[in-house]
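**Student:** This is the structure, below, for whatever I ask next.
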Amino acid sequence: MPRKKPPKTGRKHGAQPGNKNALRHGFYSKDWSADQKNRLDKQESIDVLAEIALLRVCIDNLQKELDFTEISITDKDKNTIRDDHYLRQLNTLGIMTQSLSTLTRTHYLIRGKSGDVSDSILRALEEIRLEMGL
């Protein structure tokens, strides 16, 4: 006897659109404060703004962890080397800040000053028309 397929409910496999379980229960969620979880919950999961919000929370966390305390390490040949953990932290912070800048610029280019995609497209088309002398 053939197996019956369950009726379709319109749901896709995996997480449904807007599902924020990964933010609430994911690997890093235990390290986020209630305020940080609130900031993330306020954003739509498919929006560039959600990525910007997530990156800002991560940058805030990293800034709190920055430590410039000098730590020395002695290698197997008894050479003392200064640990450069703070440089790695600053490098990561710089990369994250650059990513935030890129996402913010992308959002601005998509939405424009007014926040409306259609207005941005019309302005771009008008600029092209003027450049072509039409």
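**Student:** When you look at Gln63, is it at pLDDT below 80 and in contact with a helix residue (DSSP H, G or I) (Cβ under 8 Å, 6 or more places away or on another chain), yes or no? Even if it seems obvious, please write down each step before you answer.
**Tutor:** Values: at pLDDT below 80: no; in contact with a helix residue (DSSP H, G or I) (Cβ under 8 Å, 6 or more places away or on another chain): yes.
Answer is no for this residue.
**Student:** Go through the stretch 43-60 and count every residue that is at pLDDT below 75 and out of contact with any Leu (no Cβ under 9 Å at 6 or more places or on another chain).
**Tutor:** The first filter runs over the stretch 43-60 and keeps only residues at pLDDT below 75, leaving 43-47.
Cutting the leftovers down to out of contact with any Leu (no Cβ under 9 Å at 6 or more places or on another chain) gives us 44, 46-47.
Residues meeting the conditions: 3.
**Student:** If you take the residues in the stretch 118-134 that are aliphatic (A, V, I, L, M) and more than 16 Å from Tyr108 (Cβ to Cβ), which one is surrounded by the most Cβ atoms within 10 Å (Cβ to Cβ)? Before the answer, list the steps.
**Tutor:** Looking only at the stretch 118-134, we keep the residues that are aliphatic (A, V, I, L, M), and these are 121-122, 124-125, 128, 130, 132, 134.
When the remaining residues are screened for being more than 16 Å from Tyr108 (Cβ to Cβ), the result is 122, 125, 128, 130, 132, 134.
Working: Leu122: 12, Leu125: 10, Ile128: 10, Leu130: 9, Met132: 7, Leu134: 6.
So, considering only residues that are aliphatic (A, V, I, L, M) and more than 16 Å from Tyr108 (Cβ to Cβ), the one surrounded by the most Cβ atoms within 10 Å (Cβ to Cβ) is Leu122.
**Student:** When the residues of the stretch 41-69 are narrowed to those that are touching a Phe, Trp or Tyr at 6+ places or on another chain (Cβ under 9 Å) and not hydrophobic (A, V, I, L, M, F, W, C), which ends up nearest to Ser99 (Cα to Cα)?
**Tutor:** Step one: filter the stretch 41-69 for residues touching a Phe, Trp or Tyr at 6+ places or on another chain (Cβ under 9 Å), giving 57-58, 61, 66-69.
Checking which are not hydrophobic (A, V, I, L, M, F, W, C) leaves us with 61, 67, 69.
On the way: Asn61: 16, Asp67: 22, Thr69: 27 Å.
Ranking the qualifying residues of the stretch 41-69, first place goes to Asn61.
**Student:** Within the set of pairs 6+ apart or on separate chains, which have a first residue in the stretch 86-98 that is over 11 Å from Leu66 (Cβ atoms), a second that is outside any helix (DSSP H, G or I), and C-beta atoms under 7 Å apart?
**Tutor:** As it stands, the answer is none, since no pair meets every condition given.
**Student:** For the stretch 35-93, what are the residues that are hydroxyl-bearing (Ser, Thr, Tyr), within 16 Å of the chain's Cα centre (by Cα) and part of a helix (DSSP H, G or I)? Quick ask: steps written out before the conclusion?
**Tutor:** Taking the stretch 35-93 first, the residues hydroxyl-bearing (Ser, Thr, Tyr) are 45, 69, 72, 74, 80, 86, 92.
With the extra rule that they be within 16 Å of the chain's Cα centre (by Cα), the set shrinks to 45, 92.
Listed by number, the list holds a single entry, Thr92.
The values are calculated or read from the model by the stated rules, or taken from the named source; none is laboratory data. Everything numeric here is computed off the predicted structure, so don't read it as measured data. Cβ: placed from backbone, ideal geometry, glycine included. Neighbour counts: every protein chain shown.
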